[in-house]
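The values are calculated or read from the model by the stated rules, or taken from the named source; none is laboratory data. Since the model is a prediction, treat every value here as computed from it, not as a measurement. Backbone-built Cβ (ideal geometry, glycine too); neighbour counts: all protein chains shown. With ligands, DNA and RNA removed, areas are computed over all heavy atoms of the protein, side chains included. Shrake-Rupley method; radii C 1.70, N 1.55, O 1.52, S 1.80 Å.
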Amino acid sequence: MLTYLLHISDLHLVVDPQWNNMKNAILYSVRKMLNNVPRGNKLLVITGDFHNFSEHTDFHLSADFLRDLIKCLG
């Protein structure tokens, strides 16, 4: 049984067009490559700075992205 590991690090989420493009590219790639892999065969690891503290006081962008990412993983 193969296990697929998705490692994401240092995203520093911000609200701008560049982040939107990167977010869409990440979600598209994950959906394309891992959506059909069985649930027990996927592992998501997020390290580094997931949040950009200089621009935001809450974690709504991080939570939204994480929800979208998990949905794309299937």
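For segment 65-74, the candidate set comprises residues that are open to solvent by less than 90 Å² (accessible area, probe 1.4 Å) and closer than 19 Å to Tyr4 by Cα; within that set, the residue that is modelled with the lowest pLDDT is Gly74.
Taken over segment 30-56, the criterion of being closer than 17 Å to Arg67 by Cβ, surrounded by 10 or more Cβ atoms within 10 Å (Cβ to Cβ) and out of contact with any helix residue (DSSP H, G or I) (no Cβ under 7 Å at 6 or more places or on another chain) is satisfied by Ile46, His56. Just checking, does segment 31-41 include any residue being within 15 Å of His12 (Cβ to Cβ) and not in a helix (DSSP H, G or I)? Within segment 31-41, not a single residue is within 15 Å of His12 (Cβ to Cβ) and not in a helix (DSSP H, G or I). Answer with yes or no whether Val15 is open to solvent by 60 Å² or more (accessible area, probe 1.4 Å), of a type in the set (Val, Ile, Thr), touching a residue at least 12 places away in the same chain (Cβ under 8 Å) and not in a strand (DSSP E or B). When the stated conditions are applied, Val15 passes them.
Here is a check on your reading of the model: is Ser62 in a helix (DSSP H, G or I), in contact with a strand residue (DSSP E or B) (Cβ under 6 Å, 6 or more places away or on another chain) and either free of Cβ contacts under 8 Å to residues at least 24 places away in the same chain or open to solvent by less than 40 Å² (accessible area, probe 1.4 Å) (or both)? Against the criterion (in a helix (DSSP H, G or I), in contact with a strand residue (DSSP E or B) (Cβ under 6 Å, 6 or more places away or on another chain) and either free of Cβ contacts under 8 Å to residues at least 24 places away in the same chain or open to solvent by less than 40 Å² (accessible area, probe 1.4 Å) (or both)), Ser62 qualifies.
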